[in-house]
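Participant: Starting off with a structure, shown below.
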Amino acid sequence: QKIQKGVKPLQKTLTAKLQILPDEHQRQVLLSTMRAYADACSCVAQRIHTEDIPLSTCRIHKAVYRDLREAFGLRSQMAESVIKTVTASCKSIRTSQKEHPERFRKDKQRPGSVVPVFRKPQMDLVWNRDYSLHQKNGERLFSVNTLEGRIKLSFRADAMKWAFAEGAKFGTAKLVFRHGKFFLHVPVTMEAEDPPAWSADTEVVGIDRGIRFLTVSYDGKKTSFASGKTVKQKRAHYKKLRQDLQKKQTPSSRRRLKAIGQREHRWMNDVNHCLSKALALGHPQGTLFVLEGLKGIRSVTERIRTKDRYVSVSWPYYDREQRLR
């Protein structure tokens, strides 16, 4: 379909996970800046709670901005980012308290009684203010703002070359430190391909997402099932493994917990990727996939038995939907 004059083209936003490669000095500078940022976030969250500051960026700015600059040595844009990060986190918690009060039985005093704590080193970076992209001798480098000024960092983006396509726009990124490595999570907005023109001849496939069966698809002729038995067994294995390691409370068990880290998450992402790819390859190009609406399903699954809650609450139905787009 042709894009009409005056109508904005379709866009999509994907997150690129780029590994930053600092030298030893840059590593220490990044860690100290990220720790100061996280400590500042925890401090602001505590002040909002104790001083009962309304969740307004302007009101919070007036109450804490100068103290953030003096106590933590943050630059102006860093202080602004801290305020926005904490405000968004507090609003999210208060919304969850109203929608799912059963999750907060210990905090019935008033909304907002749960105070977010930012334990892990982290930092939000605003494009063209806190970070930017430069090219030197044919090599791309990220220029990142720190407590000691800007530093230029090389990075690894072997599978993320699409993030640097012509016309791609970067948004506010998050710098994280995980398993001894630095990663920059950058939202990238780019033009999306126009959807195919649908007609009476377009193949329509209905898809039902579940736990016992990951997907059940029907194309008008046959029904296909994707069993979730292996997924349930493996997730139960990871859950039991984490519980056993957490009970031991030994240095070796903590090392083991850290090692398995996001292993389950990565494996589940791969399962969803393979599943969506199989559905796409199993039908002709231009097929219309129709999925049932599952909005509000989380609040329903909260009512099931506690021992079965993990499987339902961690059900990645939304991720499967996004991978079919």
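Participant: Among Glu24, Glu166, Glu321, what's the order by accessible area (1.4 angstrom probe), most exposed first?
Facilitator: Glu166, Glu24, Glu321
Participant: Give the calculated FRET efficiency between Ser224 and Arg263 to the nearest 0.05, with a Förster radius of 30 Å applied to their Cβ-Cβ distance.
Facilitator: Working: r = 29 Å, r/R0 = 0.96.
Efficiency computed from Cβ-Cβ geometry: 0.55.
Participant: Right, something else. Among Arg263, Arg178, Arg47, which one shows the highest mean-square fluctuation when the chain is modelled as a Gaussian network with alpha-carbon springs under 10 Å?
Facilitator: Residue with maximal mean-square fluctuation among Arg263, Arg178, Arg47: Arg263.
Participant: Rounded to the nearest 10 Å², what accessible area does Val205 have for a 1.4 Å probe in the complete protein model?
Facilitator: Surface open to solvent at Val205 totals about 0 Å².
Participant: If you don't mind, there's one more thing I want to ask. For the chain, set up a GNM with springs between Cα atoms under 10 Å and report which of Arg156, Arg66, Arg254 has the largest fluctuation.
Facilitator: Result for the chain, Cα springs under 10 Å: Arg254 fluctuates most.
Participant: Additional query: What number comes out for accessible area per residue over the chain if the probe is 1.4 Å? Units Å², please.
Facilitator: Result: 64 Å² per residue.
Participant: Counting only protein heavy atoms and using a 1.4 Å probe, what share of the accessible area of the chain belongs to carbon plus sulfur, as a whole percent?
Facilitator: C and S atoms contribute 50 percent here.
Participant: Another question, then. If you take the beta carbon distance between Thr50 and Ser76 as r and set R0 to 25 Å, what does 1/(1 + (r/R0)^6) give as a FRET efficiency, to the nearest 0.05?
Facilitator: Rounded to the nearest 0.05, the efficiency is 0.50.
Participant: Between (1) 23.5; (2) 20.6; (3) 21.1, which matches Kirkwood radius over Cα pairs in Å calculated for the structure shown?
Facilitator: This structure yields the entry labelled (1).
Participant: Still on this model: Beyond 19 Å between alpha-carbons counts as too far, so tell me which of Lys84/Lys174; Lys12/Lys169; Lys181/Lys277; Lys240/Lys295; Lys152/Lys181 fall in that bin.
Facilitator: The answer is Lys181/Lys277; Lys240/Lys295.
Participant: Would you check the accessible area of Phe225, probe 1.4 Å, heavy atoms only, in square angstrom rounded to 10?
Facilitator: Estimated to the nearest 10 Å², Phe225 gives 130 Å².
Participant: So if I place +1 on the C-beta of Lys and Arg and -1 on the C-beta of Asp and Glu, and nothing else carries charge, what would the dipole magnitude of the chain be about its Cα centre? I want it in debye, nearest 20.
Facilitator: Using Cβ point charges on Lys, Arg, Asp and Glu, the chain gives about 1380 debye.
Participant: Let me ask you something else. I want to verify a result. In a Gaussian network model of the chain, Cα cutoff 10 Å, which of these has the top mean-square fluctuation: Ser96, Ser252, Ser143?
Facilitator: Ser252
Participant: Counting DSSP beta bridges in the chain, what percent are antiparallel, to the nearest 5?
Facilitator: 90 percent
Participant: Expected output is a single nm value to one decimal: the length gained when fully extending between Leu291 and Arg69, i.e. 0.36 nm times separation in residues minus the C-alpha distance. What is it? Show your work: numbers first, answer last.
Facilitator: Working: separation 222, 0.36 × 222 = 79.92 nm, distance 4.93 nm.
Working it through step by step, the gained length comes to 75.0 nm.
Participant: Another question about this same structure. Whole-Hz ³J(HN,Hα) for each residue in segment 28-36, computed from phi via Karplus 6.51 cos²θ - 1.76 cosθ + 1.60 with θ = phi - 60°, x for glycine and proline: what do you get?
Facilitator: Working through the residues one at a time gives 5, 5, 4, 4, 5, 5, 5, 5, 5 Hz.
Participant: Just want to confirm a number: the relative contact order over the chain, from Cα pairs under 8 angstrom separated by 6+ residues, in percent.
Facilitator: In percent, rounded to a whole number, it is 19.
Participant: What is the spin-label model distance, in nm, from Arg242 to Ala168 if the labels are put 7 Å beyond Cα along the C-beta direction?
Facilitator: Those two pseudo-labels are separated by 3.1 nm.
Participant: Same structure again: Over segment 180-268, calculate the relative contact order: mean separation of alpha carbon pairs under 8 Å at least 6 apart, over the residue count, as a percent. Write out the running numbers ahead of the final one.
Facilitator: Numbers: 55 pairs, mean separation 12.1, N = 89.
Dividing the mean separation by the residue count of segment 180-268 yields 14 percent.
Participant: Quick one: length gained pulling Lys161 to Arg212 fully straight, 0.36 nm per residue minus the C-alpha distance?
Facilitator: 14.7 nm
Participant: Using 1/(1 + (r/R0)^6) with R0 = 22 angstrom and r between the beta carbons of Lys152 and Lys17, what's the FRET efficiency to the nearest 0.05?
Facilitator: With R0 = 22 Å, the Cβ-Cβ based efficiency is 0.65.
Participant: Give the accessible area for Arg94 in Å² (nearest 10); use a 1.4 Å probe, count only protein heavy atoms, and leave out ligands, DNA and RNA.
Facilitator: For Arg94, solvent-accessible area is about 60 Å².
Participant: Length gain on complete extension for the stretch Tyr310 to Lys84, per 0.36 nm per residue less the alpha carbon to alpha carbon distance?
Facilitator: 78.2 nm
Participant: Also: Keeping every protein chain in place, order Asp158, Asp201, Asp130 by accessible area at 1.4 Å, biggest value first, i.e. largest first.
Facilitator: Descending order: Asp201, Asp158, Asp130.
The values are calculated or read from the model by the stated rules, or taken from the named source; none is laboratory data. Just so it is clear, the structure is predicted and the values come from calculations on it, not from any experiment. Quick reminder, even Gly has a Cβ in these numbers, built from the backbone with ideal geometry, and neighbours come from all protein chains shown. Only protein heavy atoms, including side chains, enter the accessible area calculation; ligands, DNA and RNA are left aside. Shrake-Rupley method; radii C 1.70, N 1.55, O 1.52, S 1.80 Å.
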